Amino acid sequence: MLSPLVYVIGRHAVIRRRGGKGAAPLIVTIAIQVAVFIATMVWTVALVLQVTAAILPGK
């Protein structure tokens, strides 16, 4: 999962070195990675809470 991020960071460095500006792909890629990470954490917490509620006796 980090391979595309490493590529975009490297590509951004090459473009910046040649005088280009092109920061949008880097920003979008990082934003997508952060959004996916947060969504995965929320889903995992929700799943653990549901499983815990199903296993433990209710009051």
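Below, the figures for the structure above:
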| read-out | value |
| --- | --- |
| Single unsatisfied condition, residue 29 versus (1) modelled with pLDDT of 90 or more; (2) surrounded by 11 or more Cβ atoms within 10 Å (Cβ to Cβ) | (1) |
| Some residue of segment 1-20 being in contact with a helix residue (DSSP H, G or I) (Cβ under 8 Å, 6 or more places away or on another chain) and charged (D, E, K, R) | yes |
| Residue tally, condition within 24 Å of the chain's Cα centre (by Cα) and either of a type in the set (Lys, Arg) or part of a helix (DSSP H, G or I) (or both), over segment 17-31 | 9 |
| Lone qualifier among 34, 6 - being in a helix (DSSP H, G or I) and either touching a residue at least 24 places away in the same chain (Cβ under 8 Å) or surrounded by 10 or more Cβ atoms within 10 Å (Cβ to Cβ) (or both) | 34 |
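The values are calculated or read from the model by the stated rules, or taken from the named source; none is laboratory data. What you see is a predicted model, and the numbers here were worked out from it, not measured in a lab. For neighbour counting, all protein chains shown are included, and Cβ atoms are generated from backbone atoms with ideal geometry for every residue, glycine included.
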